[in-house]
Amino acid sequence: MKKILLFSSLSIIFVLVFVSIFANYIAPFTPDEINLSNKFAQISSTHLLGTDHLGRDVLSRLIYGARISLGAVFVTLFLILSFGFLVGAVAGFVGGKTDQVLMRICDIFFALPTIVLSLFLVGILGTGLVNVIIAIAITHWAWYARIIRSVVLNLKNKEYVMISKISGASGFKNFTQNMLYPIIAQCIIVASLDIGHIMLHISGLSFLGLGVKAPEAEWGIMISDAKEFLFTAPELIYYPGFALFLAVMSFNVLGDYLRDKLGNKAILKDENVQP
């Protein structure tokens, strides 16, 4: 059963990535092509999922919405991992007052719920997808920094790390050869489990009108546009909602699998000494 679920999730992720990359060639219409004479069209050979209140092809908007949603998630994760890795690695490896100062800064970000802090930052920076990405990255990096720091602290006192240090290896060489792999493994696990959360975060802010703006096609804004027609055309909410559900579920299943496979490899064994 687990293998079937994993295979299904990987297939969904592959389809999402594929349609995101080749949206221009796959989508039958441009996502913002308005045709008021054909609004609320039913499923047909021309419009496989019908049209919305402006006569736009729903399938095309879903395909382009996948591109925006996945693209925004991966850009956000890149920013989070870059800054979180830098702060966490420095705090754990250098230690002392540097560690204390950096962790107190992290505590400031832990003091407020991420969604509240994101709303506050978007209010300061302004609406738009770029500002939403920046706001989410700012509110999430501290969690990654704390995790990376804990991995570094756990590794610093390992016998093979101490042997490498005594053997005269530089701090940079010791870090890259004996600590980098388990840190990357831990980052992959955490990031894969966090993709769904960040995707929901971005879609939620777009639903509130703070992220992607109409007429751009994004799943959150599609749900927001469709809420006015909940009783007359509920399928307009079902389609992007179901797409979001499948994407989040698939990445969560992949994250669980990677956690089971890489979790035991996050800490290197003594035989992997690199003097």
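Throughout, read-outs are computed from the coordinates displayed, never taken from laboratory work. On a predicted model such as this, the values are computed, not experimentally measured, just so you know. Cβ sites come from the backbone with ideal geometry, for glycine too, and all protein chains shown count toward neighbours.
List the relative contact order of the chain as a percent without decimals, with contacts defined as Cα pairs under 8 Å and 6+ residues apart.
On the way: 390 pairs, mean separation 65.0, N = 275.
Computed value for the chain: 24 percent relative contact order.
Over the range 88-139, what is the mean sequence separation of C-alpha contacts under 8 Å (at least six apart), divided by residue count, expressed as relative contact order in percent? Averaging sequence separation for qualifying contacts and normalising by length gives 27 percent for the range 88-139. The phi-based Karplus calculation (6.51 cos²θ - 1.76 cosθ + 1.60; θ = phi - 60°) puts the 3J(HN,Hα) values of the range 221-231 at 5, 5, 5, 4, 5, 7, 5, 5, 10, 4, 8 Hz, whole numbers, x for Gly and Pro.
Starting with the highest mean, order 85-95, 39-49 by the number of other Cβ atoms within 10 Å, averaged over the residues of each peptide.
Values: 85-95: 19.5, 39-49: 13.5.
Top to bottom by mean Cβ count within 10 Å: 85-95, 39-49.
Annotated for the chain: lysine pairs at least 8 residues apart or interchain, Cα distance under 18 Å, count 16. To the nearest Å, what is the center-to-center distance of the range 81-142 and the range 15-77, using C-alpha atoms only? When both Cα centres are located, 34 Å separates them.
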